[in-house]
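Worksheet: one structure, shown below.
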Amino acid sequence: MEIGSFIGLDLEGTQEYYNNELDMARLNSARSGIYHACGLYGCHTVYIPFYLCPSVNKYLTDHGIKTIKYHINSYFEPIGVKQEPNSAFVIVNYFGILSHRKMQEMAMRFRNVIVDNSAAFYASPIDACYNVYSPRKFFGVPDGCYVIGNYASKGIKQYDQDRSAGTSSFLFATIEQGTNLTYNERMKNEERIDKSGSLRMSELTRCLLKNINYPRIRAKRIENFNYAHLMFNKINKCDPFHSFDSTCVPMVYPLVIENEELDKKLREKKVYVGRLWTSVTQEVESNSFEGRMSKFMVPLPIDQRYGRTEITQMRNYVSDILSE
């Protein structure tokens, strides 16, 4: 016990958005969550889509899990798959724009399903599956993952406790300096997570997750997404509303325009966006759905920091770039 000395952060806290102890595991990253779910199923083979962050594939293979990759169609559905016995299957809620019903329908087609809700923090868990969430994609926390499903906490004690305080100062510096000047510090935290393996969620992250206004952020993201669609729907070659409904709270607005320089030119205007998973183009045909998404999709920010002014400005920038 320590008594005295200086006062640290005084965060009142209420509770986390997800807080069921028995059916939930708190880990440090979504890739760790997928690995943990494979272990819960007792599977050493897992199907993952080509269109996915390559760090997931690397993490799984580095930890003894065989991965088999599958293609998706323009509705983000798995195609051409015949699942092997004793394997797990990852389905992805891309950008957080796939409805609960849509995810349920996909999950029913496969066995030992792991729902990757990294981009869909507010999506309700699918029954009889393990559901993986990544709060740091939605909130200012240094690490974190939830795995939700039947007895998801089983085996959690095998993992050491993460400690993220040493690389979390970027969250404080961002308040005074913005994200551009603190980006390198943030990447040091990402590198730490990459190297650390599976750990239990840090106490710092859990404390911060008890102090978030979840309803406000949910409402703001939906409002911004709807406004972004109003601004971009006439030029967007992706239909983000195909299965969108009231259960969806998006991470980004996926803008697809056949202009390979769009992300670069937006960054020149201080709109810091980047293509997702460009390495996918080395694994699939260039004219495939995954190939086109990797080549042309720009994830526009619609998070709680912004409103109509910033989204309108992005629309003006895109118009200027396309008219060059």
When residues of segment 159-176 are limited to those that are over 12 Å from LEU204 (Cβ atoms) and modelled with pLDDT of 95 or more, the one surrounded by the most Cβ atoms within 10 Å (Cβ to Cβ): TYR159
Mind listing just one residue for me: the one in segment 286-324 that is in contact with an Asp or Glu (Cβ under 7 Å, 6 or more places away or on another chain) and over 18 Å from HIS229 (Cα atoms) and, of those, surrounded by the most Cβ atoms within 10 Å (Cβ to Cβ)? GLY291
Residues in segment 271-282: is at least one under 21 Å from TYR94 (Cβ atoms), outside the structural domain of LYS58 (by TED's automatic domain parsing), part of a helix (DSSP H, G or I) and among the charged types (D, E, K, R)? no
Lone qualifier among TYR253, TYR272 - being within 18 Å of TYR317 (Cβ to Cβ), touching a Leu at 6+ places or on another chain (Cβ under 9 Å) and surrounded by fewer than 15 Cβ atoms within 10 Å (Cβ to Cβ): TYR272
I'm told LEU209 meets every condition in (1) buried (at least 18 other Cβ atoms within 10 Å of the Cβ); (2) over 17 Å from GLY33 (Cα atoms); (3) touching a strand residue (DSSP E or B) at 6+ places or on another chain (Cβ under 7 Å); (4) not aromatic (Phe, Trp, Tyr) except one. Can you identify the failing condition by its number? (3)
State whether one or more residues within segment 89-104 are aromatic (Phe, Trp, Tyr) and touching a helix residue (DSSP H, G or I) at 6+ places or on another chain (Cβ under 8 Å). no
Given the conditions (1) out of contact with any strand residue (DSSP E or B) (no Cβ under 6 Å at 6 or more places or on another chain); (2) at negative phi, and given that LYS270 satisfies all but one, which numbered condition is not satisfied? (2)
Determine whether LYS154 is among the charged types (D, E, K, R), part of a loop (DSSP other than H, G, I, E, B) and closer than 27 Å to CYS207 by Cβ. yes
For segment 54-66, which positions are within 15 Å of VAL284 (Cβ to Cβ) and surrounded by 17 or more Cβ atoms within 10 Å (Cβ to Cβ)? ASN57
So GLU285 ticks every box in (1) without any contact (Cβ under 8 Å) to a residue 24 or more places away in the chain; (2) touching a Ser or Thr at 6+ places or on another chain (Cβ under 6 Å) but one. Which box is left unticked? (2)
Take segment 87-113 and flag every residue that is of a type in the set (Gly, Ala, Ser) and touching a residue at least 24 places away in the same chain (Cβ under 8 Å). SER87, ALA88, GLY96, SER99
Across segment 179-206, which residue is surrounded by the fewest Cβ atoms within 10 Å (Cβ to Cβ) among those that are of a type in the set (Val, Ile, Thr) and assigned to a helix (DSSP H, G or I)? THR179
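The values are calculated or read from the model by the stated rules, or taken from the named source; none is laboratory data. Since we're looking at a predicted model, the values are computed, not measured. With ideal geometry, Cβ positions are generated from the backbone for all residues, glycine too; neighbour counts draw on all protein chains shown.
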